[in-house]
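Asks: Next up is a structure, given as structure tokens.
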Amino acid sequence: MVRRVLALPTGRLAVGVLSVIALLAILGPTLAPHNPLGTSALTLTGPSWKHWLGTDYLGRDVFSRLLAGSRTSVLGSVEVALIALAVGVVPGILSVYLGRGFEWFTLRIADTLLALPFLIYAVAVTALLGNGIPQAMFTVGVLVSPLFYRVTRAATLAVARSQYVEAALISGASIGWIARRHVWGKVLPPVAVALAQTIGVGFVVVSSLSFLGIGVQPPAPTWGGLLASDLGYLSYQPWAPIVPALLIMATVWGSNLLADAIRDVSGEAGRALLNSRRARARRLNPAEPIPAGGAAR
Amino acid sequence: MSTDGRPVLEVADLEVHYGLRRRRRRVLHGVSLSVSRGETVGVIGETGSGKSTFARAVLGLVRASGGRILIDGEDVSRYSSRQWRALRRRGVVQYVFQDPLRSLDPDLPVEESLIEPLLVQGVGRKEAIERGRGYLARVRLDSELFGRLPGELSGGQRQRVAVARALITEPALIILDEPVSALDSANRVGILEILKELRDAGVALIFISHDLGSVAGVADRVAVLYQGEFVEVGATHAVINTPQHPYARLLVGSAPTLRSAAASRAERDALRALLHA
């Protein structure tokens, strides 16, 4: 799967963008040239050699704050995606196998979660559980889990009613055998796509929650928080929101590209796509003989 | 394989219902059939007559609501799912689906699908592959196709793989659900020849089809299924030459490949009117 994703230009681009973001998340806080929380008398200055991206309304170095905030922002969105994965995938698979009662129950829970207004729910849960990053991420993760539940359930259903699963059953295979051998491979690609997409969504959500003051507390920096405070001083520094916004966009874009690449290379369609590319490459490179006839795809 | 007279499959008064309470409908009613070793029985019926349900009940995929099913002398009608699994692992009964493209996992190479029944039985991988090659040769397929995906084979090749998978556990009974209706005539003849060899080797075959003509050439006996009941069971030539039940007569009359009796249109209309009356 990884090799197939890397065979596509979009896949390579996505992996490149996401590795840069990941590096930022790992190394960012240690690379910051200034104390991200340290204030100074130089407020709202433009870019200079000392402050590459200028300073904010409290005189803090914006570049350092961006670097320092990258870990919280990235970890937050990954946490959201992983919680959604855990909460959604397992009931999604089980809903096909555990009988009607469980199926009905989980379907109704998924419907309920989908129907909840997101921000109001987030505010209410924050009031209940207390305001903190893990609580906020948990809330968001649970709220986006119906996506995983639905995707997993649909993929499992398609496999569970297929004839090759019946053929395996007729040979005496157990449910565990069928899950390992036939279901996993089919469920994994759509789940991977949903995961990549959710990382993008999680990013936007974490950013918008910081914007509302939920989750990350000031003065701790995040990309969303930076964007929010920059927006308050638009008349002084109209260019300031561009950098955090670009970082957020790049991450979401990278995740979506990766999701697209995974979708493109998985399943029958993906195999056909890769084969046609290979065939085209062969045509351009006459040193390699072209197999005769249409049989060799 | 021994060719004693003991039936491989005995079905007596089989009843199958679908749905619950008010939506419960009867799909099979009082179905009885016995199949001996080396015998080929054709089960003919139109769409919705219950022929696939019959096969699924014999395989334990559908629960019978009444009657008895004996496989190799064992009464399986009250089996738990664990007992069914143990029985299936012995590979006594195998099944070949109509559409091989859907009955082979599209993401697994052919060899994996082929040797799956052996792997489930606990046979070692190396030995399973070795035996798999032998069976591929038996259905006249090149073992170089082993590593291909089902999508890279032709329809006839895929169906041969499906037949080889059914053979690999050396079953006493194979149920074939319209095994040739998705194939062109050359492949059809190829598959039918393989089936004849199997019958000569003492394997019992149940050949399910909607078309009497495609079964007439291979089956020793024919059972005609109409609205969930066997309306006529008998030797193939008897059913074709002297059909008794109106539906059987209509079937014979509608089969253009049967030279003996292509009924005129008026006769067929009269039979249909008789059936619906």
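Asks: Name the pairs: first residue in region A:224-251 and on the phi < 0 side of the Ramachandran plot, second residue in a helix (DSSP H, G or I) and open to solvent by 80 Å² or more (accessible area, probe 1.4 Å), Cβ to Cβ under 9 Å, at least 6 apart or on different chains?
Replies: A:GLY224/A:PHE211; A:GLY225/A:PHE211; A:LEU227/A:PHE211; A:ALA228/A:PHE211; A:ALA228/A:LEU212; A:ASP230/A:ILE242; A:LEU231/A:PHE211; A:ALA250/A:VAL20
Asks: Please work out which one of (1) in a loop (DSSP other than H, G, I, E, B); (2) surrounded by fewer than 18 Cβ atoms within 10 Å (Cβ to Cβ); (3) touching an Asp or Glu at 6+ places or on another chain (Cβ under 8 Å) is the condition B:ARG26 fails and give its number.
Replies: Tallying (1) in a loop (DSSP other than H, G, I, E, B); (2) surrounded by fewer than 18 Cβ atoms within 10 Å (Cβ to Cβ); (3) touching an Asp or Glu at 6+ places or on another chain (Cβ under 8 Å), B:ARG26 fails exactly one: (1).
Asks: Just checking, which of B:VAL110, B:VAL123 is among the β-branched types (Val, Ile, Thr), out of contact with any Asp or Glu (no Cβ under 7 Å at 6 or more places or on another chain) and open to solvent by 10 Å² or more (accessible area, probe 1.4 Å)?
Replies: Result: B:VAL123 is the single residue among B:VAL110, B:VAL123 that is among the β-branched types (Val, Ile, Thr), out of contact with any Asp or Glu (no Cβ under 7 Å at 6 or more places or on another chain) and open to solvent by 10 Å² or more (accessible area, probe 1.4 Å).
Asks: Out of (1) more than 10 Å from chain A (Cβ to nearest Cβ); (2) over 24 Å from B:TRP84 (Cα atoms); (3) touching a residue at least 12 places away in the same chain (Cβ under 8 Å), the odd one out for B:PRO150 is which?
Replies: So the condition that B:PRO150 fails would be (1).
Asks: A follow-up question, please. Within region B:50-70, can you find the residues that are crowded, with 18+ Cβ neighbours inside 10 Å, within 14 Å of another protein chain (Cβ to nearest Cβ) and not in a helix (DSSP H, G or I)?
Replies: B:LEU59, B:GLY60, B:VAL62
Asks: Follow-up. Where residues in region B:38-49 are open to solvent by less than 40 Å² (accessible area, probe 1.4 Å) and either free of Cβ contacts under 8 Å to residues at least 12 places away in the same chain or not in a strand (DSSP E or B) (or both), which of them is farthest from B:GLY217 (Cα to Cα)?
Replies: Only one residue tops the list, namely B:SER49.
Asks: I would also like to ask the following. Among the residues in region A:278-288, are any among the basic types (Lys, Arg), at pLDDT 75 or above and open to solvent by 70 Å² or more (accessible area, probe 1.4 Å)?
Replies: Within region A:278-288, not a single residue is among the basic types (Lys, Arg), at pLDDT 75 or above and open to solvent by 70 Å² or more (accessible area, probe 1.4 Å).
Asks: Right, next: Can you work out which of the residues in region A:61-81 that are free of Cβ contacts under 8 Å to residues at least 40 places away in the same chain and buried (at least 22 other Cβ atoms within 10 Å of the Cβ) is farthest from A:ILE248 (Cα to Cα)?
Replies: Out of the qualifying residues, it is A:ASP61.
Asks: For region A:183-191, does any single residue satisfy the condition of being more than 14 Å from every other protein chain (Cβ to nearest Cβ) and either surrounded by fewer than 19 Cβ atoms within 10 Å (Cβ to Cβ) or modelled with pLDDT of 80 or more (or both)?
Replies: Checking region A:183-191: at least one residue is more than 14 Å from every other protein chain (Cβ to nearest Cβ) and either surrounded by fewer than 19 Cβ atoms within 10 Å (Cβ to Cβ) or modelled with pLDDT of 80 or more (or both).
Asks: Which of (1) away from every other protein chain (no Cβ under 14 Å); (2) open to solvent by less than 60 Å² (accessible area, probe 1.4 Å); (3) touching a residue at least 24 places away in the same chain (Cβ under 8 Å); (4) of a type outside the set (D, E, K, R) does A:ALA160 not meet, given it meets every other one?
Replies: Only one criterion is unmet by A:ALA160, namely (1).
Asks: Also: What tally of residues in region B:98-107 results from selecting those that are surrounded by fewer than 24 Cβ atoms within 10 Å (Cβ to Cβ) and at the interface with chain A (Cβ under 8 Å from one of its Cβ atoms)?
Replies: Here the count works out to 4.
Asks: Tell me whether region B:74-89 contains one or more residues that are open to solvent by 60 Å² or more (accessible area, probe 1.4 Å) and more than 14 Å from chain A (Cβ to nearest Cβ).
Replies: Yes, that holds for at least one residue.
Asks: Same structure again: From the set of residues in region B:248-274 that are under 15 Å from B:GLY42 (Cβ atoms) and in a helix (DSSP H, G or I), which is modelled with the highest pLDDT?
Replies: Residue satisfying both the conditions and the ranking: B:ALA248.
Asks: Sticking with this structure for a sec: Has region B:101-124 got at least one residue that is assigned to a loop (DSSP other than H, G, I, E, B) and under 22 Å from B:ALA219 (Cβ atoms)?
Replies: The answer is no; no qualifying residue exists.
Asks: Among the residues of region B:200-217, write down those that are surrounded by fewer than 20 Cβ atoms within 10 Å (Cβ to Cβ) and either touching a strand residue (DSSP E or B) at 6+ places or on another chain (Cβ under 7 Å) or touching a residue at least 60 places away in the same chain (Cβ under 8 Å) (or both).
Replies: Within region B:200-217, B:ASP200, B:ALA201, B:GLY202, B:HIS210, B:ASP211 qualify.
Asks: Using beta carbons and a limit of 7 Å, which pairs, at least six apart or on different chains, have the first residue in region A:126-144 and closer than 23 Å to A:ALA196 by Cβ and the second one part of a loop (DSSP other than H, G, I, E, B) and of a type outside the set (Asp, Glu)?
Replies: A:ILE133/A:GLY215; A:ILE133/A:VAL216; A:ALA136/A:ILE214; A:ALA136/A:GLY215; A:LEU143/A:LEU116
Asks: Quick one: in region A:1-39, of everything that is in contact with a Leu (Cβ under 8 Å, 6 or more places away or on another chain) and of a type in the set (Gly, Ala, Ser), which residue is most open to solvent (accessible area, probe 1.4 Å)?
Replies: Within region A:1-39, the match that is most open to solvent (accessible area, probe 1.4 Å) is A:ALA7.
The values are calculated or read from the model by the stated rules, or taken from the named source; none is laboratory data. Predicted model, so just to flag it, every value in this text is computed and none were measured. Neighbour counts are summed over all protein chains in view; Cβ atoms, including those assigned to glycine, are modelled from backbone coordinates with ideal geometry. Note: accessible area is taken over every heavy atom of the protein model, side chains too, but ligands, DNA and RNA are not part of it. Shrake-Rupley method; radii C 1.70, N 1.55, O 1.52, S 1.80 Å.
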